Structure formats: structure tokens, C-alpha cells
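The values are calculated or read from the model by the stated rules, or taken from the named source; none is laboratory data. Given the structure is predicted, the values throughout are model-derived calculations rather than measurements. Here Cβ is always computed from backbone atoms with ideal geometry, including for glycine, and neighbour counts include all displayed protein chains. All accessible areas refer to the heavy atoms of the entire protein, side chains included, with ligands and DNA or RNA removed. Shrake-Rupley method; radii C 1.70, N 1.55, O 1.52, S 1.80 Å.
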Amino acid sequence: MAEAPRADGRTAGGTRRRDPERRERIVGACLDVIAESGVAGTSHRKVAAAADVPLGSMTYHFSGMDELLHEAFTRFSRSAIERFERRMSAAADIDAAKRALVALITDDVFHTQRDLVLTHELYTLAAREPAFRGLTNAWMARSRAALERHFDPPTARLLDALIEGLTIHRALDTEPQDPALVTAAVERLTSGPAPGR
């Protein structure tokens, strides 16, 4: 019969049980717990249970809850911006870029309730804790850089704000969003001279 592992991952005989994916599993479980309970309701105990790891693994792999939250939101924001970058880099010309923007707003961003909750939990945390603003600033910088493949920097900044605002409205509004209105908004911002010129 195999020896039961202790909280530190070692068996009673002192050998370490191999579980190379444990840290990544904890990070993924943390996102699941945040999506269900919010940052305020996330604890080491809940994350350990969701990841199916001993509670002692939490302090072995992470110095505290702030480090775990930072790792989890880094993974989430990186995944979101990579989807954004793929969509924008696939656009071959300005018209395709405009269509990609409409698709981002109407389909891609906050596509699931989980994405919506995680994004807003990150925003709330970053508003309260300056240490997390680096994540939101990096997210904005990369999204603007992706937009600047097709649009001048002032327009890219406005489009970034438009995407943010319209996707929040789409996610929270009780009425369905009209794609024609989104198309018209993108067209207004991307037609004519750049702001400030």
C-alpha cells in the first residue's frame, strides 16, 4: 500500500511525490474559485480543495494569497490579450480590421460569464491595490499595440476604450446589443482625420 503524502508533498518515508503540474493546477483552480466566489471569497482552503491538493501545498508554492492572485490574473489577462492579438493580426487590411473590431466587441470579449466576472474582479482589485495595476496597464498597452497595426495611436486609444465600454454594456445590459450600432460606432471612430490632428 502506497504511503499517503503529507501536506508538503512528501510521503511519511520522506520521499517527494512527483506532481509537476501541481503549481499550474493551483493557479487554474484559483481562477475557478474567483469566478465563483470573487476575490473576497477566495481562500487558500477553497483553492486547495478545488485543485485537489493538500492545504500545505499552497504555502509551499506561493508566498501568500497576493502572489497566487497575481499569478492567476497574469494567466487570465495573457490569455485574453493573446486572443485579441490573434484577431487583429489576422486582419489583412483596414476594412478587415474594422470587421475584426466589431467581432471582438460582439463575440470575443467577455464571451462567457466567467470571463466577465474574472475581468471585473481584476479591475476591482487593481483599483484598490496598486500592485495589480501593472497587469491592467500591460493588458491595455498590448491591446493598443495590436490596434496600432491598423490605426494611428490616438484612434487606437479611443478604440480600446470603445471596446471596453461596449463589451461591458453588452455583458450587463438586459437588452441585446445591436451589431449595427457597434459597426456604426467603429466606423465613426475610424473615419476621417485622427483625433488631435
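How big is the charge dipole of the range 24-108 about its Cα centre, in debye rounded to the nearest 20, if each Lys and Arg gets +1 on its Cβ and each Asp and Glu gets -1 on its Cβ?
Value, rounded to 20: 40 debye.
In degrees between 0 and 90, to the nearest 10, how far off the longest principal axis of the chain does helix 22-37 point, with axes built from Cα atoms?
Between helix and principal axis, roughly 60 degrees.
Dipole of the chain (Lys/Arg Cβ +1, Asp/Glu Cβ -1, origin at the Cα centre): which of Thr136, Ala185, Ala51 lies farthest to the positive side?
Ala51
Hey, what angle do you get for helix 133-147 against the long axis of the chain, alpha-carbon based, 0 to 90 degrees rounded to 10?
It works out to around 40 degrees.
Keeping every protein chain in place, order His169, His70 by accessible area at 1.4 Å, biggest value first, i.e. largest first.
The most accessible residue leads, giving His169, His70.
Per residue, what accessible area does the range 82-197 have, given a 1.4 Å probe and all protein chains present, in Å²?
Roughly 57 Å² per residue, with all protein chains present.
What's the angle, to the nearest 10 degrees (0 to 90), between helix 113-128's Cα axis and the longest principal axis of the chain?
90 degrees
For the range 67-158, with only Lys/Arg (+1) and Asp/Glu (-1) charged at the beta-carbon, what is the dipole magnitude about the Cα centre, in debye rounded to 20?
The dipole of the range 67-158 has a size of about 60 debye.
Keeping all protein chains in place and using 1.4 angstrom, which order do Arg75, Arg128 fall into by accessible surface area, from largest down?
Ranked list, largest accessible area first: Arg128, Arg75.
Once log10 I(q)/I(0) by the Debye sum over Cα atoms at q = 0.08, 0.19 Å⁻¹ is worked out from the coordinates, which option in (1) -0.36, -1.25; (2) -0.25, -1.48; (3) -0.42, -1.29 does it equal?
(1)
With r as the distance between the Cβ atoms of Leu181 and Ala141 and R0 = 30 Å, compute the FRET efficiency 1/(1 + (r/R0)^6) and round to 0.05.
Here the calculated transfer efficiency is 0.60.
Which order do Arg188, Arg45 take when ranked by solvent-accessible area (1.4 Å probe, heavy atoms of all protein chains), largest first?
Arg188, Arg45
Short version: ³J(HN,Hα) in whole Hz for each residue of the range 58-73, in order, from phi by Karplus 6.51 cos²θ - 1.76 cosθ + 1.60 (θ = phi - 60°), x for Gly and Pro, what are they?
After applying 6.51 cos²θ - 1.76 cosθ + 1.60, I find 4, 7, 6, 8, 9, 6, x, 5, 4, 5, 5, 4, 5, 4, 5, 6 Hz.
With a 1.4 Å probe and every protein chain kept in, tell me what percent of the accessible surface of the range 76-152 is carbon plus sulfur.
50 percent
With +1 on each Lys and Arg Cβ and -1 on each Asp and Glu Cβ, and nothing else charged, work out how big the dipole of the chain is about its Cα centre, in Debye to the nearest 20.
Here the chain has a charge dipole of around 580 debye.
Once you have a ≥ b ≥ c as the square roots of the Cα gyration tensor eigenvalues for the range 24-76, tell me rounded if a/c is under 1.5, and otherwise prolate or oblate according to whether a/b is larger than b/c.
Verdict is rounded for the range 24-76.
Work out how much length His169 to Thr59 would gain on full extension: take 0.36 nm times their residue separation and subtract the Cα-Cα distance, in nm to one decimal.
Between His169 and Thr59, full extension yields 35.7 nm more.
Please list, ordered by chain and number, the residues whose modelled amide H lies under 5 Å from the amide H of Phe62; skip anything fewer than 5 residues away on the same chain.
It is none; the list stays empty.
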